[in-house]
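Heads up: the structure comes next, in structure tokens.
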């Protein structure tokens, strides 16, 4: 009965405008939030392996290097200079093997016969972000040595060696599932180890093994050469591309740029969607104001009824509750419609487009977006509740 | 219920001379249950008296006490509670909901207090001769019919004091007598009292006390 008295003749342009605005604003807000989450959850294989913001740097090889007048090695001073940079949070020179390395097939693993001469290096374990069920730590009594191979290795096998030797091509998954043989040798001896490929990397061009393995084998088979590092792993703070470019100039460096490019694109997309999201927040706020005005209008229209209800003994609470219940129903429908629109756009438009364009995103949970929708719902209800309560109280005092 | 006036004078009536027996600018006390008649000519402040005592007007000097409590100190929620359980009213301008039917106007009040059954309400409507008007929009009823709806509405709650501001101004003598009898019965049932303001007529009812303005 109260609803009938208080909400008669309530449909008006203000209401329709506020409702449409709320649906558009909230849908856009949820969609932009969800897309930012999806984009942020996208990691290149490099990031999965080494964590975000890791870069391998090396000095450029020049004509002077070739004639021996310029070294590509990083001196302790160079390393210290890198550590002193504000935007660099971690520095780790690659440790290199002081022995020869070969990779071969392991009989019985279904891999065609091949031999690959490589060079073994390692970085501290803190740079290795191996999430798979393979333990990167190595000790003498382990069955195999985990390694990361350069992606070029796979390319060489499939587009060079396999064709020339007439053997079938191998997928990355097949190689990672199989075990291989690692032969380490020097003038001091020769050892064979079983290895498993944990990942392939674009960032490194050597075979990456656990630091413990490299140190143990260097101690056993090392020729005693002191090798200054010529490649360094660094970790930077977010969005430090500018500083990195300056450093490249300053120290005449080469950087594997692919990982930086992915991060740049992610940031760019996040900024664009973020601007869209800010516009959506503004629309939501405007429609919220529209609703506050709408409820104010409804109250003003029903001011005689409200005053009379208070005069015949109806409580402020029951009148405010009638308004808030009705608005909750309206906002509830708006929130549900917005969530449905967001999910439809995400699954039927955005995801379809991504699939058609061959872009694979690890989908993030939709629950944070739903929490945002509920939060907006709460904001709508609380702001309207406060406004309605204040207005009804004032009418009661008239 | 005890009502006490201490030198009360509504501001709009400050310029006018007031009789020494007038309720204005004098001290008096009313202890209910009792039936009180407030008889005065037009413009003396009958509606002001009812609306001030009902807490709708605050433009007065002096003090009014209900059961020892200064009504100027009552919060809105206290007023609402008082109007629900102890103090009922028939406004001069009736204050019905014109877009609701007569029945809805009545059940709106009764739903709040659960004081009468539907049959009892229907009986009251029949008694006052508007039983067949129950489903008609209040705004389309004649003033006399609306007045009877307002009177019934005021009886659909428990009360210690019923304030009535010229409730029979649009009723003929026959209907006035029936309404007055119903009001007196309900007042006795509630063990309460009433203050009835009229414009000169005593409506032939026996009152316990008469106030003048």
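If R₀ is 22 angstrom, what is the calculated FRET efficiency for the pair residue B:57 and residue A:301, using the beta carbon separation as r and rounding to 0.05? Let's see the in-between values first.
Details: r = 25 Å, r/R0 = 1.13.
Taking R0 as 22 Å, the efficiency between residue B:57 and residue A:301 is 0.35.
Based on C-alpha pairs under 8 angstrom that are at least 6 apart in sequence, segment B:95-172 has a relative contact order of 42 percent. Look at A:356, B:173 and count the other Cβ atoms within 10 Å of each Cβ; fewest to most, that gives A:356, B:173.
Principal-axis analysis of the Cα atoms of chain A puts helix A:241-251 at an angle of about 20° to the longest axis. Shielding of peptide A:301-314 by partners, expressed as the average count of other chain Cβ atoms within 10 Å per residue Cβ, is 5.
Rounded to the nearest 0.05, what FRET efficiency do residue A:381 and residue A:185 give with R0 = 60 Å and r taken as the Cβ-Cβ distance? Could you check? In this case the efficiency is close to 0.20. In this label model, residue A:367 and residue A:178 are separated by 4.2 nm, measuring between points 7 Å along each Cα→Cβ vector.
Checking the a/c ratio against 1.5 first, then a/b against b/c, what shape does the Cα gyration tensor give for segment B:106-213?
Details: a/c = 1.90, a/b = 1.27, b/c = 1.50.
Note, shape of segment B:106-213 comes out oblate.
Relative to the longest principal axis of chain B, what angle (0 to 90°, nearest 10) does the C-alpha long axis of helix B:173-189 take? Helix B:173-189 sits roughly 80 degrees off the main axis of chain B.
Give the shape of segment A:114-195 as rounded, prolate or oblate, defined through the alpha-carbon gyration tensor: a ≥ b ≥ c are the square roots of its eigenvalues, a/c under 1.5 means rounded, and otherwise the shape is prolate if a/b is larger than b/c and oblate if not. Judged from the Cα gyration tensor, segment A:114-195 comes out oblate (a/c at least 1.5, b/c at or above a/b).
What is the helix-to-structure angle for A:316-344, meaning the angle in degrees between its Cα long axis and the longest Cα principal axis of chain A, kept from 0 to 90 and rounded to the nearest 10? Approximately 40 degrees, to the nearest ten. Dividing the helix sum by the residues of chain A, where each DSSP H run of 4 or more adds -39500 (n - 2.57), gives a mean residue ellipticity at 222 nm of -17000 deg cm²/dmol.
Rounded to the nearest 0.05, what FRET efficiency do residue B:208 and residue A:12 have when you use their Cβ-Cβ distance and R0 = 60 Å? The formula returns an efficiency of 0.65 here. For chain A, the relative contact order works out to 31 percent when only alpha carbon pairs closer than 8 Å and six or more residues apart are counted. For the pair residue A:268 and residue B:169, label points projected 7 Å from Cα toward Cβ lie 7.9 nm apart. Using a cutoff of 8 angstrom between alpha carbon atoms and counting only pairs six or more residues apart, the relative contact order for chain B works out to 33 percent.
Take the alpha carbon gyration tensor of segment B:112-173, find the square roots of its eigenvalues, order them as a ≥ b ≥ c, and report rounded if a/c is under 1.5; if not, report prolate when a/b exceeds b/c, else oblate. Before the final figure, lay out the partial values.
Details: a/c = 1.83, a/b = 1.14, b/c = 1.60.
Taking the square roots of the gyration eigenvalues as a ≥ b ≥ c, segment B:112-173 is oblate.
Look at the stretch B:71-77: the mean tally of other chain Cβ atoms within 10 Å of its residues' Cβ atoms is 2.
Any read-out appearing in this document is the output of simple, stated calculations on the displayed coordinates, not a laboratory observation. Fair warning: this is a prediction, and the values are worked out from it, not measured in the lab. All Cβ positions, glycine included, derive from the backbone under ideal geometry; neighbour counts span all protein chains shown.
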